[in-house]
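Here's the structure we're looking at; comments come further down.
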Amino acid sequence: MSQPIIISASPHVHSDRTSKKLMYDVVIALIPAFLVSLYVFGIGAFIVTAVAVISCLLFEYLIQKFLLKTEVTIGDGSALITGILLAFNLPSGLPIWMIIVGSLVAIGIAKLSFGGLGFNIFNPALVGRVFLLVSFPVQMTMWPTAVVNNTSIADAVTGATPLGLIKEGLMFGDTMTNISADLPSNIDLFIGLTGGSIGEISALALLLGGIYLIVRKVITWHIPVTMLVTMAVMTGIFWLINPEQYASPLIHILSGGALLGAFFMATDLVTSPMTKKGMLIFAIGIAVITVVIRLFGAYPEGVSFAILIMNAFVPLINTYFKPRRFGSKIKSKIV
Amino acid sequence: MLKTFPKGGIHPPENKITSSKGIKRMTVPKVVNVPIAQHIGIPAEIVVDKKDKVEIGQVIAKSGGFVSSNIHAPVAGVVTKLDMIIDTSGYKKQCIVIRTDAKDEANFEEKEYPLKKNIELEPKEILKRISEYGIVGLGGATFPSHVKLNVREDKKIDCLIINGVECEPYLTADHRLMLEKAEEIVVGIKILMFALKIDKAVIGIENNKKDAINLFKNSVKNEVGIEVAALKVKYPQGGEKQLVRSILKREVPKNGLPLDVGVIVHNVGTIFAIYEAIQHNKPLIERVVTVTGKNLENPSNFWVKIGTPIKDLIAEVGGLPEGTRKLVNGGPMMGKAIKNTDVPVTKGTSGILVISEDEASRGEAKNCIRCGECVFVCPMGLEPHLLMNLSEKGLYEKASNEDIMTCIECGSCSYVCPSHRPLLDYIRFGKSIVKKLETSKN
Amino acid sequence: MTDSVLYSVFLLASLGIVAAVVLYVVSKKFYVYENPLIADVDEILPGANCAGCGSPGCKSFAERLVNTEDISDLFCPVGGNDIMKEVAAILGKEVVERDPTVAVLRCQGSCEVRPKTTEYQGPRTCAISAMVYSGETDCQYGCLGDGDCVKVCKFDAMYMDEATGLPVIITDNCTSCGACVEECPRDIIEMRPRNKRDLKVFVGCLNEDKGGIAKKSCSVACIGCSKCEDICPKDAVVMVNNLAYIDPVLCTLCRKCVDVCPTHSIIETNFPPKKVKKEVEKKVEVKVAVVKEQIVAESKKSKTDA
């Protein structure tokens, strides 16, 4: 034998899953949504995404190399995902310097100041997005409308998102019947021919990506399904009570960041609970907060706030919702 | 519907390369090194001396207490020395070295006993003989069988479970034994049922061994009270607690034994050893060992004398292939890596696994990404990531409160961890400290 | 404008007053009497909280000192006799003077003399690798080289020597708290008396294997030849299990054993170079490698220069 025998404790085999593969699976799952946004928003979507990704990777590299002086881990794919998700939560016409600021907040504050991958409490991309939303509310709500095959940003006409339309309309005392005339049809919402953040517009593409993730076992069905069902039930109840005051559950789920949040943001491995029971609680919490913000809050959209709020509860959820220990008392009495 | 346990478990690639290879009798080794600590509990006490002549099956080390076991000479020959030899624990341990007498015919006799069905001994004599003949659990844990069978009066046992699961990848020793000695195993089961006065026995076999399931279904057709249960292929189906849960839907209480829910579990190998001890007066001096590995020339199953150095076994399958980086005593999930090829086969050696370069190295441990995969696969409902953290930080009391002691060390958590974290290493370490703390408290 | 300023000042002030009252009441109500001597003793103690005395920290040791009648078996290794005398003076109790000790490493199995035969993969801590097997070398008694002792030392008295793979004890910093002795799974660190010039002679090996096997696994192993036992004029050398041990109490530091040891496994520290230069020339080299304690910084330099 040329090299010495290796000794290690059992097990001596390992599954071929690695963190890196998980991360790149998420990237693959995001591609359909990206393609739709390219189609809908044109080159603007590409610029925003590219700037966000490059600046996230760059900030991670710079901070790890020169500030923290630790191993540089930009290859593990997590900064890449943060960049893409951040971009997906931004309107396509956002000034470039704002994207860079958002990336710095996402990587520098939300991720690395907590200790890097695995130690962050809040979803970095969402922290970046909410930081920008709170700091630059005007620019962050200038949604270029869906102009198919838009090739230059200058052509873009800004308008409101469906949820924004509803919120505004209801605030001025309009009824849903009148508002829905201005809304895109459900089919358009489903395919993505509507205004909004880069990644959130196409329900179809997000569903495809989400199903891919579930099939590849990167995420489980627990968070997305529970979250969407709870949202549907809650908005459904209000809709049934007064369809003129509240939008239908279908609109709620297909528009805004509900699907992007359910499949890609809430399921972020690091910031979601680690037990299935915990995941259900987490998802229900997100759904309830989202619906409350959407229906009664000042903002038309609440998914990112809801996810961040529930992120803060994850350690608590992990502490109190443990898996059932094999052979713990409750069951053995029945036997 | 196949029976299985409800929570956790993994599906490692099975790699049962040797499942069609019949059990061959290995050439008798020139020298055997018999360790005196082959079982869990107190090591046996040596009763022979240097230069003593020993007969095959003669007691060479006597049980050192209740949780201990006799050790018998696997070959006839001369004790050349009492030496310290590295065994599967990785440390030098006391061994009795016997040089095989090349002229003694008893060594080379093909001992294929005819099937003997009627049981002549009384229950008490059966239990006594199991103890005297050095029978220990051959599934890998090597717990002395007589201790397991010594049921206190107040415990009611109503079912005997035979563990023919062999959920470890690569290993096929139990599978081959079940195929070749089905009738004998059924007699062995009847012996135990008779000795313990139990009228129900279930043989649990994983569904990837359909031939064995059919064979046993056939041979127990006319037996009263013996059933065969086909189990879902899932690791660790063969874990004692998982097996009881799968077959009987009874959950062994935390920190309890199958005995607490009225069950005794024995491995098929143990049952066959008991059959031979009771019916043919043969002590435990050999066992079936699977010698396997993807790059081996001729991997196979062997009847091997206890104490045979592993290098003899490897020579039998065509020598160590180029680029071998790891040797494992047992299966890949729970086996122990061994330091060199002089390590002897013991009563607990169910297989020798030869792993090459590309599979031998562990991935570099990265940050935990809190994916929760370890929690999902843990069959005991534990949180491995948390336990590792606690024992790494020295918070042993907290770890104990998180039920670290109920870990069965199946390795599922380390297997799935996408960040290659050494979860089980730390959990095992934490367990050893918690155990120390507990004993010092008492 | 002024209204709101006044309003907030008033609000904050009243909040502060309420909190102060609550704190005062609580502190009075839950006051626990503590012997003032404890605070006095605690002040004298080094405050390193190293647990070398057996108590978890200096405060709890102070409590023990105050509350125990007979403190003759209590000792603060870090403070030593001086501190203990001060404590005794305050408490009016008797203390037994103890010889100062220092930690020594009883293994010289560097990478060079003790070749690695296997490769360990797993968490790099001695405690875990000792659980898995006997270590990367063929010697199952010597240093595992993962530095648990260094991690546990609170006084910066140890570091890992990259070249040898062994920990090095900086004698000047060692307070003999005993944390490393406790931590080492192989028990290769021993507390030996420290005399004025810190002269020590001890066996730097714990290998209990038979001579040939020991020598094969490590070229500076004690092979149990008993030569040191035979030559020792004071019967300070004891042979147990193929291994020599020098009793520090009986040893007079005559160093005869050092010269006869065929494998150079007996270490002498801090002795001035010997008079017979020719004979010892070779040995001096070995000594430079071996007597690390005294030449911590210089030896490193000279090595890199060479």
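Read the figures in this text as sums done on the coordinates, not as results from a lab. These numbers were taken from a predicted model, which means no experiment stands behind them. Note that each Cβ is placed from the backbone with ideal geometry, even for glycine, and that neighbours are counted across all protein chains shown.
Observations on the structure shown:
- Shown is the FRET efficiency for C:Asp73 and C:Leu6, computed with R0 = 45 Å from the Cβ-Cβ distance and rounded to the nearest 0.05: 0.10.
- For B:Val34, the residues whose amide H sits under 5 Å from its own are B:Ile96, B:Val97, B:Ile98, ignoring neighbours fewer than 5 places away on the same chain, with H placed 1.01 Å from N.
- Inter-chain Cβ neighbour count for C:206-219, averaged per residue, equals 1 (cutoff 10 Å, partner chain atoms only).
- Point-charge dipole on Cβ atoms (K/R +1, D/E -1) for chain B, about Cα centre, debye to 20: 620
- Of the residues A:Ala33, A:Leu295, B:Gly411, the one whose Cα sits farthest towards the positive end of the charge dipole of the protein assembly as shown is B:Gly411 (charges of +1 on Lys and Arg Cβ, -1 on Asp and Glu Cβ, taken about the Cα centre).
- Those residues of the range B:257-282 whose amide nitrogen sits under 20 Å from the label point placed on B:Glu180, 7 Å along Cα→Cβ: B:267-282
- Taking label points 7 Å from Cα along the Cα-to-Cβ direction, A:Phe66 and A:Leu250 give a separation of 5.4 nm.
- Global geometry of chain C, whether rounded, prolate or oblate, following the gyration tensor of its Cα atoms and the 1.5 cut on a/c: prolate
- With Cα atoms, 0 to 90° folded angle of helix A:203-215 axis to chain A main axis: 10
- In order along the range B:21-37, the Karplus-derived 3J(HN,Hα) couplings, from 6.51 cos²θ - 1.76 cosθ + 1.60 at θ = phi - 60°, round to 8, x, 6, 9, 7, 6, 4, 5, x, 6, 9, 10, 10, 9, x, 8, 10 Hz, and Gly and Pro are given as x.
- The distance separating the Cα centre of the range C:177-217 from that of the range B:268-286 comes to 48 Å.
- Computed magnitude of the charge dipole of the range B:6-124 (debye, nearest 20; Cβ of K, R +1, Cβ of D, E -1): 360
- DSSP beta bridges in the protein assembly as shown [antiparallel fraction, %, rounded to 5]: 70
- Taking a ≥ b ≥ c as the square roots of the eigenvalues of the alpha carbon gyration tensor, chain A is oblate, as a/c is not under 1.5 and a/b does not beat b/c.
- Computed [θ] at 222 nm, deg cm²/dmol, chain C (DSSP H ≥ 4; -39,500 (n - 2.57); rounded to nearest 500): -11000 deg cm²/dmol
- Extension gain for B:Lys51 to B:Glu120 (0.36 nm times residue separation, less C-alpha to C-alpha distance): 21.1 nm.
- Highest average packing first - C:161-174, B:57-70, Cβ atoms within 10 Å: B:57-70, C:161-174
- ³J(HN,Hα) computed for each position of the range B:284-295 - Karplus, 6.51 cos²θ - 1.76 cosθ + 1.60, integer Hz, glycine/proline x: 7, 10, 8, 8, 8, 10, 8, 9, 9, x, 5, 9
- Axis angle, to the nearest 10 degrees, between helix A:303-320 and the longest C-alpha principal axis of chain A: 30 degrees.
- Distant-in-sequence amide H partners of A:Thr194 (H built 1.01 Å from N, under 5 Å): none
- Computed from the C-beta positions of A:Met171 and C:Ser27 and an R0 of 35 Å, the FRET efficiency is 0.05 to the nearest 0.05.
- The protein assembly as shown - charge dipole about Cα centre, Lys and Arg +1 at Cβ, Asp and Glu -1, debye rounded to 20: 1720
- Each label point was placed 7 Å from the Cα along the Cα-to-Cβ direction; for A:Ser135 and A:Val225 their separation is 4.0 nm.
- Listed values for the range C:197-202 are Karplus-derived 3J(HN,Hα) couplings in whole Hz (6.51 cos²θ - 1.76 cosθ + 1.60, θ = phi - 60°), namely 9, 6, 8, 9, 10, 8, and x replaces Gly and Pro.
- Each of the peptides A:125-134, A:229-238, C:5-14, B:141-150 was scored by the mean count of other Cβ atoms within 10 Å over its residues; in descending order, highest first, they stand as A:125-134, B:141-150, A:229-238, C:5-14.
- Between 0 and 90°, nearest 10: helix A:78-88 axis offset from chain A longest Cα axis: 10
- 10 Å Cβ neighbours from other chains, averaged over peptide A:15-21: 6
- B:Glu357-A:Tyr320 FRET efficiency (beta carbon distance; Förster radius 56 Å; 0.05 resolution): 0.75
- Peptide C:195-203 has a mean shielding of 0, counted as Cβ atoms of other protein chains within 10 Å of each residue's Cβ.
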